[in-house]
1. Of the residues in the range 102-126, how many are away from the ligand (no atom under 11 Å from the Cβ) and either in contact with a strand residue (DSSP E or B) (Cβ under 8 Å, 6 or more places away or on another chain) or small (Gly, Ala, Ser) (or both)?
2. Quick test of your reading of the structure: Tyr241 fulfils all but one of (1) aromatic (Phe, Trp, Tyr); (2) away from the ligand (no atom under 16 Å from the Cβ); (3) surrounded by 13 or more Cβ atoms within 10 Å (Cβ to Cβ). Name the failing condition by number.
3. Please work out if Leu87 is touching a Lys or Arg at 6+ places or on another chain (Cβ under 8 Å), touching a residue at least 12 places away in the same chain (Cβ under 8 Å) and within 15 Å of Ala231 (Cα to Cα).
4. Among the residues in the range 51-70, are any hydrophobic (A, V, I, L, M, F, W, C), at pLDDT 95 or above, surrounded by 14 or more Cβ atoms within 10 Å (Cβ to Cβ) and within 20 Å of Ala148 (Cβ to Cβ)?
5. Tally up the residues in the range 127-165 that are within 10 Å of the ligand (Cβ to nearest atom) and either in contact with a strand residue (DSSP E or B) (Cβ under 8 Å, 6 or more places away or on another chain) or of a type in the set (Val, Ile, Thr) (or both), please.
6. Hey, can you tell me all the residues within the range 27-50 that are within 10 Å of the ligand (Cβ to nearest atom) and surrounded by fewer than 24 Cβ atoms within 10 Å (Cβ to Cβ)?
7. Condition first: over 16 Å from the mean Cα position of the chain (by Cα), part of a helix (DSSP H, G or I) and closer than 21 Å to Tyr194 by Cα. Can you find one or more residues in the range 161-175 that meet it?
8. Looking at Gly89, Gly142 in this structure, which one is closer than 21 Å to Ala240 by Cβ and more than 16 Å from the chain's Cα centre (by Cα)?
Amino acid sequence: MSATSVTAAATAARLAGKRAVVTGGARGIGAAIVRRLAADGAEVALLDLLPDPGETVAAEVGGRFVPVDLSDTEATRDAVAAAIDGLGGIDVLVNNAGILRFAPLLDIPVEDWDLMFAINTRPMLVTTQVAARRMIDDGVAGTIINLASMAGKAGGAGQAHYAASKAAVIALTRVTALELGCHGITANCLCPGYVLTEMGADTRTSDDVELWSSYSPLGRLGEPGDVSAVAAFLASADAAYLTGQAFNVTGGMVMH
Ligand code: NAD
């Protein structure tokens, strides 16, 4: 049994009664978060562009899949509202969907800059507006978890547009914490390091894996379960006094 599944067994039901919406939940870190929140007792709805893995993950956890392209603001508003209505309310919003592109700073097309913000950052504002209004109306002291990145803190060569969009996520999260704390709502970021998912897989080489593993004192890259375990903790009552933070989940690659 892996360390992650031992932990999951120990925390089953700590999210009982919680209703969670996860964006980008069809694969990778998002799918791991959907599975972990459900394993800990939450009811989960997921939003994603990809219908096939999205429906499969939803069926696996007895949850609901809502297809949406998050770069479409109106569709995003409708999708998150439908997901919340299906759950009968919302306690946990996980803004996880994102994309990565690589290009040297001097060659980044402005269209790619805009696209990065249109998918990595802008939808978080929209889903947060819809979800937080519902939390406030229902008197729910909910929590919002936004996926940033170590690139949002430390930068990353070839990732100016990605890193900038993730730095904006950290800033958005802090303002969310500041403005919504009076309603009992908390907001935090997760800043993963290098996690083995489809993201970046098309250009990943074994040399990359070796090099990046060496940057971690633990000597390995992250797994989706490393991130979902922290998300589940942040969704739990044990994290009630944490807000406005950007937690590194980097295996020590970044320590600030
Ligand atoms: P992934 O590519 O495996 O999964 C991303 C998910 O987001 C996919 O299911 C995809 O369909 C969905 N998505 C993308 N664009 C969408 C859109 N327009 N509308 C709806 N859904 C859309 O990536 P991942 O590695 O699981 O990344 C999850 C999050 O973690 C992202 O925000 C990413 O930036 C962040 N992150 C990842 C790493 C890493 O090393 N993998 C590191 C730091 C941060």
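1. So the count comes out to 4.
2. Going through the list (1) aromatic (Phe, Trp, Tyr); (2) away from the ligand (no atom under 16 Å from the Cβ); (3) surrounded by 13 or more Cβ atoms within 10 Å (Cβ to Cβ), Tyr241 breaks only (3).
3. no
4. yes
5. 7
6. Arg27, Gly28, Leu49, Leu50
7. Within the range 161-175 (the criterion being over 16 Å from the mean Cα position of the chain (by Cα), part of a helix (DSSP H, G or I) and closer than 21 Å to Tyr194 by Cα), the answer is yes, since at least one residue qualifies.
8. Values: Gly142 fails: more than 16 Å from the chain's Cα centre (by Cα).
Answer to the selection: Gly89.
The values are calculated or read from the model by the stated rules, or taken from the named source; none is laboratory data. Just so it is clear, the model here is predicted, and its values are computed rather than measured. Positions of Cβ are generated from backbone atoms using ideal geometry, with glycine treated the same way; all protein chains shown enter the neighbour counts.
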